[in-house]
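Asker: I am attaching a structure below and will ask some questions about it afterwards.
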Amino acid sequence: MKKQERHRIIRELIESRNIETQEDLAVALQEQGFKVTQATVSRDIKELMLIKVSDMRGGYRYAFPREQSHVMSSEQLDRLVRNSVISIRSGGNLVVLHTLPGTAQGVAFAVDNMKWEGVMGTVAGDDTIFVALEKPEIAEEFSAYFRK
């Protein structure tokens, strides 16, 4: 039972956070009240068949194998952003990305799959994307990523 509950929490953590290392996962599990060792985390990763995928910031994160086909590489995201995003504005905890007509959905899909900590979600139209962030401080870092 304890293992099943831990695996359920790991699934939730992987889907909601950017977990880059076994240590990140162990800390997140400890925050949830689980006392785990590196060996336990390693075994859980193997049993859940987690894989490492590109996280759009140039690093890697844990994901489920089914996600791999839906996740863009950092190069693909960079190319999509370079070719699609026209302007970026932020105010409070909201960032607005203006894109070429017809490209907002693709960019929003990429943003949603970045698993950027603090991004609550996106709403995309034809050429505009609203990105809701948990805190205003995240908006500057997020905007800077897209401006580079």
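The values are calculated or read from the model by the stated rules, or taken from the named source; none is laboratory data. Since the model is a prediction, treat every value here as computed from it, not as a measurement. In this analysis, Cβ positions are derived from the backbone assuming ideal geometry, glycine residues included, and neighbour counts consider all displayed protein chains. Side chains are part of the model used for accessible areas, which takes the heavy atoms of the whole protein and leaves out ligands, DNA and RNA. Shrake-Rupley method; radii C 1.70, N 1.55, O 1.52, S 1.80 Å.
Asker: I'd like the full set of residues that are open to solvent by less than 20 Å² (accessible area, probe 1.4 Å) and more than 15 Å from Trp116 (Cα to Cα), limited to the range 10-28.
Answerer: Ile10, Leu25, Ala26, Ala28 - these are the residues of the range 10-28 that are open to solvent by less than 20 Å² (accessible area, probe 1.4 Å) and more than 15 Å from Trp116 (Cα to Cα).
Asker: Which number in (1) within 18 Å of the chain's Cα centre (by Cα); (2) modelled with pLDDT under 80; (3) among the basic types (Lys, Arg) marks the one condition that Arg61 misses?
Answerer: Result: Arg61 passes all but (2).
Asker: Pairs under 6 Å by beta carbon, first residue more than 18 Å from Arg79 (Cα to Cα) in the range 106-133, partner at pLDDT 90 or above and of a type in the set (Ser, Thr, Tyr), six or more apart or different chains?
Answerer: Val131/Thr122
Asker: Scanning the range 98-148 for residues that are among the aliphatic types (A, V, I, L, M) and in a helix (DSSP H, G or I), which turns out farthest from Tyr62 (Cα to Cα)? Don't jump to the end; show me each part of the working.
Answerer: Keep residues of the range 98-148 that are among the aliphatic types (A, V, I, L, M), which gives 100, 104, 107-108, 110-111, 114, 119-120, 123-124, 129, 131-133, 138-139, 144.
Subset that is in a helix (DSSP H, G or I): 104, 107-108, 110-111, 138-139, 144.
On the way: Ala104: 26, Val107: 22, Ala108: 21, Ala110: 17, Val111: 17, Ile138: 22, Ala139: 24, Ala144: 24 Å.
The residue in question is Ala104.
Asker: Further, regarding this structure: Quick check on the range 77-97. Is at least one of its residues surrounded by 13 or more Cβ atoms within 10 Å (Cβ to Cβ), among the acidic types (Asp, Glu), in a loop (DSSP other than H, G, I, E, B) and modelled with pLDDT under 95?
Answerer: In the first step, residues of the range 77-97 are kept if they are surrounded by 13 or more Cβ atoms within 10 Å (Cβ to Cβ); the result is 77-78, 80-81, 84-85, 88, 90, 93-97.
If we keep only those that are among the acidic types (Asp, Glu) too, we end up with 78.
Of the ones still in play, those that are also in a loop (DSSP other than H, G, I, E, B) are none.
No; the residues of the range 77-97 include none that is surrounded by 13 or more Cβ atoms within 10 Å (Cβ to Cβ), among the acidic types (Asp, Glu), in a loop (DSSP other than H, G, I, E, B) and modelled with pLDDT under 95.
Asker: Quick one: in the range 110-131, which of the residues that are in contact with a strand residue (DSSP E or B) (Cβ under 8 Å, 6 or more places away or on another chain) and open to solvent by 70 Å² or more (accessible area, probe 1.4 Å) is nearest to Val85 (Cα to Cα)?
Answerer: Filtering the range 110-131 for residues that are in contact with a strand residue (DSSP E or B) (Cβ under 8 Å, 6 or more places away or on another chain) and open to solvent by 70 Å² or more (accessible area, probe 1.4 Å), the one nearest to Val85 (Cα to Cα) comes out as Phe130.
Asker: Every residue in the range 1-36 that is of a type in the set (Gly, Ala, Ser) and either in contact with a Leu (Cβ under 8 Å, 6 or more places away or on another chain) or closer than 14 Å to Lys52 by Cα (or both), please.
Answerer: At the first step, the residues of the range 1-36 found to be of a type in the set (Gly, Ala, Ser) are 16, 26, 28, 33.
Once the filter is applied, which keeps residues that are of a type in the set (Gly, Ala, Ser) and either in contact with a Leu (Cβ under 8 Å, 6 or more places away or on another chain) or closer than 14 Å to Lys52 by Cα (or both), the range 1-36 yields only Ala28.
Asker: Go through (1) at pLDDT below 85; (2) under 23 Å from Glu15 (Cα atoms) one by one and return the number of the condition Lys135 breaks.
Answerer: Here Lys135 meets the rest and fails (1).
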